[in-house]
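A short write-up of the structure that comes next.
The values are calculated or read from the model by the stated rules, or taken from the named source; none is laboratory data. Just so we're clear, the structure is a prediction, and the values are computed from it rather than from any experiment. Reconstructed Cβ throughout: ideal geometry from the backbone, glycine too, with neighbour counts over all protein chains shown.
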Amino acid sequence: MQMQVQNSLTARSRLAKNMRLLRARDGLSQEALADLVGLHRTYIGSLERCERNVSLDNIEIIAQALGVDITEILADKLVIGKSAL
């Protein structure tokens, strides 16, 4: 028996949305986040525009820099403070 999971966004779209929200929360530019994680600023921008596939290693590094668990940065509903976004 197959189970179908339907999310409103693709994993790539959820990652992009959550990266932008978490960066904004922390007051970080794409360049500042890139510096924190040791990646190029254009790579961060391309992730946020859903233009690239990203490795699990890089997702984990980005999540750690933004102070969240890897599962949170991929979540359909990101909880910041007391509100789900």
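Values for this structure:
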{"read-out": "Pair list, Cβ < 6 Å and 6+ apart or interchain, from segment 15-38 residues that are at pLDDT 95 or above to residues that are in a helix (DSSP H, G or I) and among the small types (G, A, S)", "value": "Q30/G45; L36/A65; V37/A65"}
{"read-out": "Helices (runs of 4 or more DSSP H) lying entirely in segment 1-71 (those with 2 or more residues that are surrounded by 12 or more Cβ atoms within 10 Å (Cβ to Cβ) and basic (K, R))", "value": "11-26"}
{"read-out": "Residue match in segment 55-71 (condition: in contact (Cβ under 8 Å) with a residue 24 or more places away in the chain and touching an Asp or Glu at 6+ places or on another chain (Cβ under 8 Å))", "value": "yes"}
